[in-house]
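Only one structure is covered here, and it is reproduced in the block below.
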Amino acid sequence: MGLRIHFVVDPHGWCCMGLIVFVWLYNIVLIPKIVLFPHYEEGHIPGILIIIFYGISIFCLVALVRASLTDPGRLPENPKIPHAERELWELCNKCNLMRPKRSHHCSRCGHCVRRMDHHCPWINNCVGEDNHWLFLQLCFYTELLTCYALMFSFCHYYYFLPLKKRNMDLFVVRHELAIMRLAAFMGITMLVGITGLFYTQLIGIITDTTSIEKMSNCCEEISRPRKPWQQTFSEVFGTRWKILWFIPFRQRQPLRVPYHFANHV
């Protein structure tokens with residue numbers, strides 16, 4: 001499967017995504033400058049903690065960029081429908097094109113998306129079958145990075161030994177309290193929002209229900225057999241190997257696994 005780039009022209013989405021990038025840059029630049037590097041230089045923390053911080057930051061950024069630019073599952077204008085699967089397709093009453101069941105027409109993007117969960121302005125893209133796994137990784141690494149930054153901010157004032165070497169000529173040192181207060185405010189706000197979003201996403205995957213289906217009470221298939229959570233997550237991430245669920249650098253392949261399968265990891 002080739003890499004399909006999907007770019008949405010939406011100024012509102014650009015502003016939301018720009019805000020996310022600003023918060024990411026704010027933390028990736030200032031937290032190490034004020035907390036990590038000074039305490040490392042004075043021997044208060046090991047260097048591995050700095051490496052972990054930057055590693056999580058890179059994973060978070062890669063998941064954000066890929067979730068934003070990856071085609072969520074846009075349907076072609078003239079899809080080839082296998083004869084055996086015609087019962088699983090329906091006509092969209094907005095674009096008058098055939099689409100698989102559980103697809104949805106996004107009014108903001110103007111096309112149907114396979115197994116669309118919702119349109120997210122924070123990534124300026126729909127969350128659908130082909131980029132849902134990246135959106136989950138973005139939520140996970142954003143929450144992890146936020147907790148990591150808040151933990152170091154707390155330890156900087158209440159746990160670590162006071163810094164002996166402080167260059168008061170630096171702007172970030174002179175205005176440290178204001179910078180750290182703003183970082184804490186953004187971190188707590190982000191943590192609360194992401195935790196709620198991540199929780200609803202996990203519940204949706206476990207119950208095999210999209211956000212749109214929940215809001216519209218569209219449960220035609222409520223009587224379908226409940227899948228094991230391993231199967232639903234494997235279908236979203238495109239692999240049974242759980243270690244790969246956390247890697248945003250790979251290419252996802254559609255996966256259709258049997259109802260019962262062995263736990264490989």
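Relative to one another, the C-alpha centroids of region 170-186 and region 59-122 are positioned 43 Å apart. Element breakdown for region 166-205 at a 1.4 angstrom probe: carbon and sulfur atoms account for 75% of the accessible area. Gain on full extension, evaluated as 0.36 nm per residue between Tyr157 and Ile58 minus their Cα-Cα distance, stands at 33.0 nm. Exposed loop positions in the chain were taken to be trypsin sites (Lys or Arg not before Pro) whose DSSP state is not H, G, I, E or B and which have at most 14 other beta-carbon atoms within 10 angstrom. Between these positions, the longest stretch is 5-79.
Dividing the alpha-carbon radius of gyration of the chain by the rule-of-thumb value 2.2 N^0.38 Å gives 1.19. Taking Cα centre as origin and charging only the Cβ of basic (Lys, Arg, +1) and acidic (Asp, Glu, -1) residues, the dipole magnitude of region 1-132 rounds to 480 debye.
Report the calculated FRET efficiency for Arg108 and Lys80 (r = Cβ-Cβ distance, R0 = 22 Å), to the nearest 0.05. In this case the efficiency is close to 0.25. In a simple Cβ point-charge model (Lys, Arg +1; Asp, Glu -1; nothing else charged), the chain has a dipole of about 240 debye relative to its Cα centre.
Given labels modelled 7 Å from the Cα in the Cβ direction, how far is it in nm from Lys164 to Met215? Going by the 7 Å Cα→Cβ label model, 5.8 nm.
For the residue pairs Lys101/Lys214; Lys33/Lys165; Lys94/Lys227, alpha carbon separations beyond 20 Å are given by Lys94/Lys227. With coordinates expressed along the principal axes, the C-alpha atoms belonging to region 25-163 extend over 70, 27, 20 Å, beginning with the largest. Running a GNM on the chain with Cα contacts under 10 Å, which residue among His83, His119, His111 ends up with the highest mean-square fluctuation? Judging by the Gaussian network model, the answer is His83.
Each of His156, Tyr26, Leu97 was scored by the projection of its Cα onto the charge dipole of the chain, and the greatest displacement toward the positive side belongs to Leu97; charges sit on the C-beta of Lys, Arg, Asp and Glu. The mean sequence distance of close C-alpha pairs (under 8 Å, at least 6 residues apart), as a share of the length of the chain, puts its relative contact order at 20 percent.
With everything on Cα atoms, drop me the angle between helix 132-158 and the longest principal axis of the chain, reported from 0 to 90° to the nearest 10. In the chain, helix 132-158 runs at an angle near 20 degrees to the longest axis.
Could you do me a favour and compute the accessible area per residue for the chain, 1.4 Å probe, result in Å²?
Values: 14980 Å² over 265 residues.
Ligands and nucleic acids excluded, the result is 57 Å² per residue.
Computing FRET efficiency as 1/(1 + (r/R0)^6) for Ala178 and Arg226, where r is the C-beta to C-beta distance and R0 is 45 Å, gives about 0.30.
The calculated FRET efficiency for the pair Val192 and Asn96, based on their C-beta separation and a Förster distance of 35 Å, comes to about 0.25. Would you kindly derive the ³J(HN,Hα) couplings of region 43-54 from the backbone phi angles with the Karplus curve 6.51 cos²θ - 1.76 cosθ + 1.60 (θ = phi - 60°), listing them in order in whole Hz, with x for Gly and Pro? Rounded to whole hertz, the list is x, 7, 9, x, x, 4, 5, 5, 4, 4, 4, 5. Rounded to the nearest 20 debye, the dipole size of region 100-153 about its Cα centre is 280 debye, using +1 on the Cβ of Lys and Arg and -1 on the Cβ of Asp and Glu. Using a simple spin-label model with pseudo-atoms 7 Å out from Cα toward Cβ, Leu49 and Tyr26 lie 2.3 nm apart.
Within the same chain, aspartates and glutamates fewer than 8 places from Lys164 are excluded, and of the rest, those with a Cα less than 13 Å from its Cα are Glu41, Glu42.
The values are calculated or read from the model by the stated rules, or taken from the named source; none is laboratory data. Computed from a predicted structure; not experimentally measured. Neighbour counts are summed over all protein chains in view; Cβ atoms, including those assigned to glycine, are modelled from backbone coordinates with ideal geometry. To get the accessible areas, we keep the full protein, side chains included, count just its heavy atoms, and leave off ligands, DNA and RNA. Shrake-Rupley method; radii C 1.70, N 1.55, O 1.52, S 1.80 Å.
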